[in-house]
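Okay, structure first, notes after.
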Amino acid sequence: MMIYAIDEIRDRRPKASRKIKGFTFVELLIVIAIIGILSGLVIPNLKITHNNFELDSFVKDIYYLAKYLQVSAVSRSRVYCLDIVEGADRTHFSAKYKNKNAEFILLTGRFKKAYMMPLNTEISSIEPAGRTSIFFYPDASIDNTKIVFKNKSGKEMTLVLNGTGTTIQIK
């Protein structure tokens, strides 16, 4: 009678009957195809979401800048100005104040920077038409202005500055 070790018995099986661990080439191709299809569906939505986020962020920055200018005009008894400057490739917003010599000087500190409008965003309308500066006065009044921003994804946001009620809103 012959006694075999378990390992020897396993080795005597034909090679075709041994199970191979791992994925076949076809299985890998199927997984890659599924990932490709899903990414093709998701990436355009991510781009739209990113464009919308940029628009939201920019309009909120301008909103907070306008709020700051309104409070500063009252607390410092100066006239402040928010300029809309259209450049060759992008539009930007910058803030100034009127000094004792009646000259407008760019702000210093946190609000000194020019707020660049995202590349995928445009100003679809400004009311009153042609306005390039919005003034904030020491009596808390503001020039009545309505600016409509629109991005390439079709989303619109409106920044409304009401002089009589001294309110600044995003719609």
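The selection criterion, being modelled with pLDDT under 80 and farther than 30 Å from I84 by Cβ, holds for I3.
Per the conditions (1) in a loop (DSSP other than H, G, I, E, B); (2) touching a helix residue (DSSP H, G or I) at 6+ places or on another chain (Cβ under 9 Å), the sole criterion not satisfied by A88 is (2). The residues on offer are S94, S133, S125, and the sole one that is crowded, with 16+ Cβ neighbours inside 10 Å and on the phi < 0 side of the Ramachandran plot is S94. Taken over region 142-171, residues that are part of a loop (DSSP other than H, G, I, E, B), among the β-branched types (V, I, T) and either surrounded by 15 or more Cβ atoms within 10 Å (Cβ to Cβ) or at pLDDT 90 or above (or both) amount to 1. Residues of region 131-163 that are under 16 Å from L69 (Cα atoms) and without any contact (Cβ under 8 Å) to a residue 24 or more places away in the chain: D143, N144, T145, V160, N162, G163.
Can you pull out every residue in region 104-130 that is farther than 20 Å from V71 by Cα and part of a loop (DSSP other than H, G, I, E, B)?
Residues of region 104-130 farther than 20 Å from V71 by Cα: 116-130.
M117, P118, L119, N120, P128, A129, G130, listed by residue number.
Only one entry of L46, L69, L82, L38 meets the criterion of being in a helix (DSSP H, G or I), within 19 Å of Q169 (Cα to Cα) and aliphatic (A, V, I, L, M), and that entry is L69. When Y97, Y80, Y64 are screened for being closer than 15 Å to L159 by Cα, free of Cβ contacts under 8 Å to residues at least 60 places away in the same chain and of a type in the set (F, W, Y), only Y64 passes. When D139 is tested against (1) loosely packed, with under 15 Cβ neighbours inside 10 Å; (2) at pLDDT 90 or above, just one condition goes unmet, and that condition is (2). Of the residues screened, K60 is not one that is exposed (fewer than 14 other Cβ atoms within 10 Å of the Cβ) and modelled with pLDDT under 90. Taking L107, is it under 15 Å from Y63 (Cβ atoms) and without any contact (Cβ under 8 Å) to a residue 60 or more places away in the chain? When the stated conditions are applied, L107 does not pass them. Of the residues that sit in region 72-91 and are farther than 21 Å from D143 by Cα and loosely packed, with under 11 Cβ neighbours inside 10 Å, which one is nearest to the chain's Cα centre (by Cα)? By that ranking, first place goes to D89.
The values are calculated or read from the model by the stated rules, or taken from the named source; none is laboratory data. Here the structure is a predicted model, which is why all the values come from computation and not from measurement. No Cβ is skipped: glycine too gets one built from the backbone with ideal geometry, and neighbour counts run over all protein chains shown.
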